[in-house]
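J.: This is the structure, below, for whatever I ask next.
Computed from the coordinates by the stated procedures, all read-outs in this text should not be read as laboratory data. None of these values were measured; they are calculated from a predicted model. In this analysis, Cβ positions are derived from the backbone assuming ideal geometry, glycine residues included, and neighbour counts consider all displayed protein chains.
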Amino acid sequence: MSAGATRLGVLERATMILDAFDDAPGPLGLDEIAEITELPRTTVFRLLTTLRDLGWVHHDRRGYAPGRRLTTGGGESEHLDLRAAASVALNELQLATDAVVHLSVLDGPIVHYLDKVGGVRATTIPSRVGGRIIATDSVSGLAMLAALAPEQVDALVGHLDRTPGGLESVHHELAAVRRRKGIAILDGLPGTGISSMATVIPGPRGPRPLAAISVVRRGHLPLPVIGPLLLAAARTTSRTLYPDWSPSKRGPVLRLA
């Protein structure tokens with residue numbers, strides 16, 4: 001490895017790893033990528049894990065290959081119908097709660113924010129359309145994970161090892177979400193005073209990713225007041241998005257009302 005490579009930042013090293021796939025005839029192994037980039041094997045593994053979690057790299061038994069975000073340009077167009085279906089409900093929820101409202105989807109272990117409605121409060125919450133966050137770090141992610149079977153949750157986030165207490169702690173929190181009719185709550189984030197509440201948008205299972213609506217603001221969010229409004233927005237979006245579907249037609253998954 002050259003002396004210059006040791007001074008490279010994270011973005012430069014990640015770019016070198018992604019560039020390694022340019023002329024590859026197929027998936028590459030960890031050792032092959034380390035050899036091509038001339039980076040330490042441990043560094044390559046750590047960056048590949050992050051790139052995989054964020055959708056830039058795909059990994060299976062054959063090795064590593066370009067991920068969905070490289071091969072499809074991020075998939076924004078597939079969510080246009082979801083954003084359109086949710087637009088009225090998001091704006092009505094924002095007006096009713098005087099809070100910032102988000103629309104998001106679950107993309108593997110990552111929450112991807114598709115829309116943000118906040119009026120004058122929008123700048124008070126450090127989030128953005130297109131932003132991505134680990135599912136277990138957000139109420140939207142917890143709401144969507146709570147709608148999945150435990151083995152699906154394990155497959156999605158079991159490798160992350162980001163939560164104190166590990167998967168047991170995650171499943172404990174998801175059980176609490178289910179007891180609240182699918183509502184995930186964070187009341188007063190330490191250091192910021194930001195509170196948030198989210199629920200999943202009900203719908204049929206299939207290729208469409210799970211989606212969620214969240215309400216966020218500084219200060220307390222009373223569940224008896226905000227909860228019914230949030231659930232109503234989720235149901236309204238579901239009826240618009242799936243006009244020919246009703247909850248009675250689905251299998252034994254989370255009921256929101």
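J.: Please report the net charge: other residues with Cβ closer than 13 Å to the Cβ of Ala24, K and R +1, D and E -1.
T.: -4
J.: Run the simple label-point estimate for His220 and Asp23 please: 7 Å along Cα→C-beta, distance reported in nm.
T.: The modelled label-to-label distance comes out at 6.5 nm.
J.: What relative contact order, as a whole-number percentage, does the chain give when Cα pairs under 8 Å and 6 or more residues apart are counted?
T.: Computed over the chain, the figure is 15 percent.
J.: Can you compute the modelled spin-label distance between Glu38 and Ser169, with each label point 7 Å from Cα toward Cβ, in nm?
T.: 4.1
J.: Something else: Using a Gaussian network model of the chain whose springs link C-alpha atoms within less than 10 Å, name the residue from Ser246, Ser104, Ser140 with the highest mean-square fluctuation.
T.: Residue with maximal mean-square fluctuation among Ser246, Ser104, Ser140: Ser246.
J.: Just one of [x] 1, 6, 14, 19, 20, 19, 12, 6, 2, 1, 0; [y] 1, 6, 11, 11, 10, 9, 8, 8, 7, 7, 7, 6, 5, 3, 1, 1, 0; [z] 1, 6, 12, 16, 16, 15, 12, 9, 7, 4, 2, 1, 0 is P(r) over Cα pairs in 5 Å bins from 0, in percent as worked out from the coordinates here. Which one is it?
T.: Recomputing P(r) over Cα pairs in 5 Å bins from 0, in percent here picks out [z].
J.: Here's a follow-up. Looking at the chain, which longest stretch skips every one of the trypsin sites (Lys or Arg not before Pro) that is in a DSSP loop with at most 12 other Cβ atoms within 10 Å, leaving the sites themselves out?
T.: Longest gap between qualifying sites, sites excluded: 129-204.
J.: Would you calculate the separation in nanometres between label points at Ala84 and Arg178, each defined as 7 Å from the Cα along the Cα-to-beta-carbon direction?
T.: Inter-label distance under the simple model: 3.6 nm.
J.: Pick out which of Pro224, Pro204, Pro150 has the largest mean-square fluctuation in a Gaussian network model of the chain, springs linking Cα atoms closer than 10 Å.
T.: Looking only at Pro224, Pro204, Pro150, the largest GNM fluctuation is found for Pro224.
J.: With the Cα gyration tensor of the stretch 80-204 giving a ≥ b ≥ c as the square roots of its eigenvalues, does the rule (a/c under 1.5 for rounded; else a/b larger than b/c for prolate; else oblate) give rounded, prolate or oblate?
T.: Prolate shape, in that a/c is at least 1.5 and a/b is the bigger ratio.
J.: Here is a further query. With springs only between Cα atoms under 10 Å, which of Asp60, Asp187, Asp19 fluctuates most in a Gaussian network model of the chain?
T.: Checking each option, the largest mean-square fluctuation is seen for Asp60.
J.: If r is the Cβ-Cβ distance from Glu92 to Asp244 and R0 is 30 Å, what FRET efficiency results, to the nearest 0.05?
T.: For Glu92 and Asp244, the calculated efficiency is 0.80.
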